[in-house]
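Below is one structure, written out as structure tokens; the observations come after it.
The values are calculated or read from the model by the stated rules, or taken from the named source; none is laboratory data. Since we're looking at a predicted model, the values are computed, not measured. Cβ atoms come from the backbone with ideal geometry, glycine included; neighbour counts cover every protein chain shown.
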Ligand SMILES: [Zn+2]
């Protein structure tokens, strides 16, 4: 899928309005040109803000410039001021390998998107997650993205969501990965891992495994 940078996100229905960034393809090429690639520091910020993909069921999409496939799904960036950006997982590849420079308004807000402050978007995602009448795909996405907020309200909502058997069946692993993101916080200390449903436990363990792998890679 190819969309112009800063166009309204329209790939799938979504509970929050979002702006497209990094949906590159052969029709428009590397949008903005390749004359000023990101600096190392800017790349580090982009990687730090590109944490967990959601919407992974959408399938793999190879790079239209070099055929590489580096992950599928989407990243969501909650910038200060209420603007939310959605990018394909390949955005990091485009920046690293093809000199892609995302628009300035995206780059400027990225450092603060690494740890967004609780706001109306977080509140909306919390409501979607806990709304038994909402679609399971939206609820699964909310479970992924709520972990971006380092806030007790996100943790409590995820804990509450565990009790929803239908949701745990379809997105238990994502809920588990999100719960694991709060490890070390005082309010998360009482989490009874052994009492979690198996799919949620799997997600918690999987997150720990990935963290260990990342550490090994950084040391290696
Ligand atoms: Zn490529």
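Things to note:
- Residues of segment 44-65 that are in contact (Cβ under 8 Å) with a residue 60 or more places away in the chain, within 16 Å of the ligand (Cβ to nearest atom) and in contact with a helix residue (DSSP H, G or I) (Cβ under 8 Å, 6 or more places away or on another chain): 46 alone.
- Checking 16, 46, 38, 24 one by one, the residue that is touching a strand residue (DSSP E or B) at 6+ places or on another chain (Cβ under 9 Å) and within 13 Å of residue 95 (Cα to Cα) is 24 and no other.
- Residue within segment 66-86 that is within 16 Å of the ligand (Cβ to nearest atom) and in contact (Cβ under 8 Å) with a residue 60 or more places away in the chain present: no
- Screening the candidates 41, 95 for the property of being more than 17 Å from residue 9 (Cβ to Cβ), within 11 Å of the ligand (Cβ to nearest atom) and modelled with pLDDT of 95 or more yields one hit, 95.
Here's the yes/no breakdown for (1) surrounded by fewer than 23 Cβ atoms within 10 Å (Cβ to Cβ); (2) part of a helix (DSSP H, G or I); (3) away from the ligand (no atom under 16 Å from the Cβ):
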position: 99; (1), (2), (3): yes, no, no
position: 102; (1), (2), (3): no, no, no
position: 115; (1), (2), (3): yes, no, yes
position: 127; (1), (2), (3): yes, yes, yes
position: 142; (1), (2), (3): no, yes, yes
position: 146; (1), (2), (3): no, yes, yes
position: 154; (1), (2), (3): no, yes, yes
position: 160; (1), (2), (3): yes, yes, yes
position: 166; (1), (2), (3): yes, yes, yes
